[in-house]
Amino acid sequence: MRIGNVDGRLAILTGAGTAIDVELASGGRFGPDPQAVYDSWAEFIEWAPTAPGEAVPYDRDLLGAPAPRPRQSFGIGLNYRDHADESGFGVPDQPSVFTKFPSCITGPETEVVLPAGGHTDWEVELVAVIGAEAWQAAEADGWGHVAGLCVGQDLSERITQMASKPPQFSLGKSFPGFGPTGPWLVTPDEFADPDDLELGCAINGEEVQKSRTSHLIISVPQLVARLSAITRLLPGDVIFTGTPAGVGQGRNPQRWLAPGDELVSYVEGIGELRQHFVAAQGT
């Protein structure tokens, strides 16, 4: 199934640009809030395949984040070996975890204001959304705690990120609009192999990143197990699973997003994000 946020309302996306409004189709059994459904995820996915109601066209510009207000939003750094190498940090022994503060999370088609005087970078990522609470979960059960997958961009302002020693990641990755996700949530059963999906992104049509999620150092089920060994993963939580090589910071010369740039990001079997970048007022 594909679950969407259409103009702030929970919807089942039926293909060809049409959607079923969940609150109307369920007679109020499930409310309109896309975030709230994760607290009733097991009940919802049992009901959703036979949801009644007419599928009506929707405007893609109205799509929002599939999990717009997670209680927790995790980022995983250095989770592809080639990106760890280009970053000069080496491969960590344990997950390198930071947070993208939930206020930065947005939908798939957005305009992003570039921080004045900054170096804003791109990082395409597979994003996993939690559907069932996980506490000390086994790796073998990891996918059972995942509601679905979407595309994400871990936009990163490198000057802020590297301003302290050692570097701190969270603030530099949490400016407004720095967490686009979407274009919808795809449940794991839709994929022949959810552990092996192509992902990539392009700036103004030029490919800058391309890899496969099978190259993750710590897979989605392993991340569920390792994170939940320390903290409870709650329904609707978001995990940005890491980015492959090709970011601007790792290039020679380094390259940063500029006003007027269009960034298109994709994950195989899910869809695309599209971000347009503008200068901050007065710059």
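Here, each number is a calculation from the coordinates, and none is a lab measurement. Source: prediction; values computed, not measured. Please note: Cβ atoms are built from the backbone with ideal geometry, for glycine as well, and neighbour counts cover all protein chains shown.
In this structure, the amide hydrogen of TRP184, modeled 1.01 Å from its nitrogen in the peptide plane, lies closer than 5 angstrom to those of VAL151, counting only residues at least 5 positions away or on a different chain. For the range 88-102, backbone phi angles converted through the Karplus equation (6.51, -1.76, 1.60; θ = phi - 60°) give residue-by-residue couplings of x, 9, x, 7, x, 6, 10, x, 8, 10, 9, 10, 9, 4, x Hz, Gly and Pro being listed as x.
The range 70-124 and the range 1-43 have Cα centres separated by 28 Å.
Dipole orientation for the chain: of the candidates THR14, LEU24, VAL146, VAL146 has the Cα lying most toward the positive pole (charges on Cβ; Lys, Arg +1; Asp, Glu -1).
Think of the chain as having a plus end and a minus end, set by charges on the Cβ of Lys, Arg, Asp and Glu; of ALA279, THR160, VAL220, THR160 sits farthest toward the positive end of this dipole.
The amide H of VAL112, built 1.01 Å from its N in the peptide plane, has HIS276, PHE277, VAL278 as neighbours under 5 Å, considering only residues 5 or more places off or on other chains.
Given Cβ point charges of +1 (Lys, Arg) and -1 (Asp, Glu) and nothing else, what value in debye, to the nearest 20, does the dipole of the range 173-283 about its Cα centre take? Dipole of the range 173-283, to the nearest 20 debye: 580 debye. Shape verdict for the range 1-137, please, from the Cα gyration tensor: rounded (a/c under 1.5), prolate (a/b greater than b/c) or oblate. In terms of gyration-tensor shape, prolate.
Coupling constants for the range 255-268 follow from the phi torsions by the Karplus curve (6.51 cos²θ - 1.76 cosθ + 1.60, θ = phi - 60°), and in residue order they are 9, 10, 5, 10, x, x, 5, 10, 10, 10, 10, 9, 10, 3 Hz; glycine and proline get x. Under the convention that each Lys and Arg Cβ holds +1 and each Asp and Glu Cβ holds -1, the size of the dipole of the range 44-86 around its Cα centre is about 240 debye. If only the Cβ of Lys and Arg carry +1 and only the Cβ of Asp and Glu carry -1, the dipole of the chain around its Cα centre is close to 840 debye. Working ranking of peptides 178-187, 266-275 by packing, defined as the average number of other Cβ atoms within 10 Å per residue, highest first, is 178-187, 266-275. Its alpha carbons give the chain an Rg and a Dmax of 18.1, 57 Å.
From most to least packed by mean Cβ count within 10 Å, the peptides 129-142, 163-176 give 129-142, 163-176.
In sequence order, the range 133-146 has phi-based couplings of 3, 10, 9, 6, 6, 7, 4, 4, 9, x, 5, x, 9, 9 Hz under the Karplus curve 6.51 cos²θ - 1.76 cosθ + 1.60, θ = phi - 60°, and Gly or Pro positions carry x. Note on the chain: dipole from Cβ charges, positive end direction compared against GLY4, VAL113, ILE130; the farthest Cα belongs to VAL113. The amide H of THR106, built 1.01 Å from its N in the peptide plane, has GLY179, THR181 as neighbours under 5 Å, considering only residues 5 or more places off or on other chains.
Qualifying GluC sites (Glu not before Pro) in the range 4-73, where qualification requires a DSSP coil assignment and no more than 13 other C-beta atoms within 10 Å, comprise GLU54.
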